[in-house]
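One structure is given below, encoded as structure tokens.
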Amino acid sequence: MVEIKFVADVMVGKLARWLRVLGFDVVYSNVLDDDEIIRMAKSENRIILTRDNRLAARCRNSQYLFVESDAYKEQLQQVLGAFGLKDFNVFSRCLECNTPLQEVDKETVFERIPPFIYLTQNRFATCPTCKRVYWHGTHADEMLKRIQF
Ligand SMILES: [Zn+2]
């Protein structure tokens, strides 16, 4: 399977986070300008996700998708539908910085998580870049329920 990669403009930040929840590689930052987005799309072979008409007009030589809706659920459905995406790798990527997560033993994150979580969850992963700790559990389940495939 060829890995599909995206770069999202500043107007679709919530969509970018949700694509990361599903495991997709999405570059998103509120400091990226249009030139950088276009350059990154070319150099890293990323598809531009944008709600900005001016940016879309400049994308003729790049792969891009104009995001129609204001609502993130519809945005997500549009992206998944447009590229036929059905295989997800849920909670494999840092929601904050897009880095692939590394699974770790729970003892190694003992001091960095609430006691209740330590006692009730078994699968943990950390982000090598920003050091955030993630766990599979109610939080993940609730987030996924909200998007209802
Ligand atoms: Zn991170």
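The values are calculated or read from the model by the stated rules, or taken from the named source; none is laboratory data. These numbers were taken from a predicted model, which means no experiment stands behind them. Here the Cβ positions follow ideal geometry from the backbone for every residue, glycine too, while neighbour counts run over all protein chains shown. Side chains are part of the model used for accessible areas, which takes the heavy atoms of the whole protein and leaves out ligands, DNA and RNA. Shrake-Rupley method; radii C 1.70, N 1.55, O 1.52, S 1.80 Å.
Can you tell which of 40, 116, 15 lies farthest toward the positive end of the dipole of the chain, using +1 and -1 charges on the Cβ of basic and acidic side chains (Lys, Arg; Asp, Glu)?
About the Cα centre, the residue reaching furthest to the positive side is 15.
Loop only per DSSP, at most 14 neighbouring Cβ atoms within 10 Å: give me the GluC sites (Glu not before Pro) in the range 1-80, ordered by residue number. Write out the running numbers ahead of the final one.
Details: sites: 3, 36, 44, 68, 74; in loops: 3, 44, 68.
Of the GluC sites (Glu not before Pro), the ones in loops of the range 1-80 whose Cβ has at most 14 other Cβ atoms within 10 Å are 3, 44, 68.
First compute the accessible area of the chain with a 1.4 Å probe, then give the percent of it belonging to carbon and sulfur atoms.
Values: 4360 of 8840 Å².
Roughly 49 percent of what the probe reaches on the chain is carbon or sulfur.
What does the charge count near residue 127 come to, summing +1 for each Lys or Arg and -1 for each Asp or Glu among other residues with Cβ under 10 Å from its Cβ? Please list the in-between numbers first.
Values: positive: 93, 131, 132; negative: 96.
Taking every Cβ under 10 Å from that of residue 127, the sum is +2.
Just flag the trypsin sites (Lys or Arg not before Pro) in the range 1-100 sitting in loop per DSSP whose Cβ has no more than 12 other Cβ atoms within 10 Å.
Sites meeting the loop and neighbour criteria: 60, 86.
Using a simple charge model, +1 on the beta-carbon of Lys and Arg, -1 on the beta-carbon of Asp and Glu, nothing else, what dipole does the range 1-111 show about its Cα centre, in debye to the nearest 20?
Numbers: 15 positive and 18 negative charges, 92 e Å.
Result for the range 1-111 is approximately 440 debye, rounded to the nearest 20.
Rounded, prolate or oblate: which one fits the range 1-61, using the alpha carbon gyration tensor with axes a ≥ b ≥ c (rounded when a/c is under 1.5, else prolate when a/b beats b/c, else oblate)?
Numbers: a/c = 1.87, a/b = 1.26, b/c = 1.49.
Taking the square roots of the gyration eigenvalues as a ≥ b ≥ c, the range 1-61 is oblate.
If I take every Cα pair under 8 Å that is 6 or more residues apart in the chain, average their sequence separation and divide by the length, what percent do I get for the relative contact order?
Numbers: 218 pairs, mean separation 29.8, N = 149.
Averaging sequence separation for qualifying contacts and normalising by length gives 20 percent for the chain.
Rounded, prolate or oblate: which fits the chain when a ≥ b ≥ c are the square roots of the eigenvalues of the alpha-carbon gyration tensor, with rounded for a/c under 1.5 and prolate only if a/b beats b/c?
Values: a/c = 2.42, a/b = 1.87, b/c = 1.29.
It comes out prolate by the Cα gyration axes.
Beyond a 25 Å Cα-Cα separation, which of these cross-linked pairs lie in this structure: 73/131; 14/42; 42/73; 86/145? All intermediate terms of the calculation are to be shown ahead of the outcome.
Numbers: 73/131 28 Å; 14/42 23 Å; 42/73 27 Å; 86/145 16 Å.
Among 73/131; 14/42; 42/73; 86/145, the Cα-Cα distance tops 25 Å for 73/131; 42/73.
Provide the net charge surrounding residue 39, with neighbours chosen by a C-beta distance below 11 Å and charges set as Lys +1, Arg +1, Asp -1, Glu -1.
Numbers: positive: 42, 46; negative: 33, 34, 35, 36, 44.
For residues surrounding residue 39, the net value is -3.
Output ³J(HN,Hα) for the range 60-75: one whole-Hz value per residue in order, computed from phi by the Karplus curve 6.51 cos²θ - 1.76 cosθ + 1.60 with θ = phi - 60°, and x for Gly and Pro.
Rounded to whole hertz, the list is 3, 8, 10, 6, 8, 10, 7, 7, 7, 8, 8, 9, 5, 5, 5, 4.
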